[in-house]
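What follows is a single structure, written as structure tokens, with notes after it.
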Amino acid sequence: MKALEMLNKVKELVGVELETEKVTLAQATLKNGTVLESESFEKGSEVFIVTEDERVAVPVGSYELEDGEMILVKEEGIIDSIGKAEEEVQEKEEELTEEVEVQAEEEKEEMQYATKTELEEVKKLVEEVKDMVKAMDQKPKEEMSAIAEPPQKITHSPEIKESKVNVQTPQRQPETTYDRVLQKIANINK
């Protein structure tokens with residue numbers, strides 16, 4: 001008896017009938033030859049790229065099928081919209097024109113003209129700056145030359161002082177080699 005026959009007999013004895021649902025997946029091919037697979041090519045359904053080994057979720061982007069339809073994927077592996085390529089282009093053009101209009105309005109707001117009071121304030125500020133420059137020109141040149149003179153040179157005069165270090169050995173201990181080395185280093189002659 002084969003394994004399938006035995007399994008079928010066990011099912012009959014137990015009285016269990018397994019209902020098997022076969023899920024058929026729709027396939028579509030992109031213009032570049034990539035095969036996509038989905039339960040149904042509708043908004044919100046999952047879509048995968050079929051490879052020899054496995055199925056991979058379709059990355060975010062827009063994809064054109066061989067029949068000219070566009071699939072837009074905004075979330076990885078989930079179809080956001082399906083439509084004709086021309087409709088997508090028109091939608092994008094409409095969005096771009098709206099953006100251009102918004103930018104034009106913003107530029108108009110930025111290019112406001114100055115009022116008379118603002119111009120008068122700017123003129124007053126310019127006059128104040130001119131007065132300050134004239135006042136600087138009228139200062140005595142002596143003050144300016146004193147400020148502009150470089151500082152006096154400072155010369156270095158080191159004072160030479162020799163300091164002698166006295167290394168003394170204790171009286172009760174005999175002089176060791178270590179003591180003699182220390183005395184030679186300190187330039188002490190006994």
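The values are calculated or read from the model by the stated rules, or taken from the named source; none is laboratory data. Since the structure is predicted, the reported quantities are computational estimates derived from the model, not experimental observations. As a convention, Cβ positions derive from the backbone with ideal geometry for all residues, glycine included, and neighbour counts pool all protein chains shown.
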E127 fails exactly one of the following numbered conditions: (1) at pLDDT 80 or above; (2) assigned to a loop (DSSP other than H, G, I, E, B). What is the number of that condition? (2)
Surrounded by 10 or more Cβ atoms within 10 Å (Cβ to Cβ), modelled with pLDDT of 75 or more and assigned to a helix (DSSP H, G or I) - does that describe any residue in region 158-180? yes
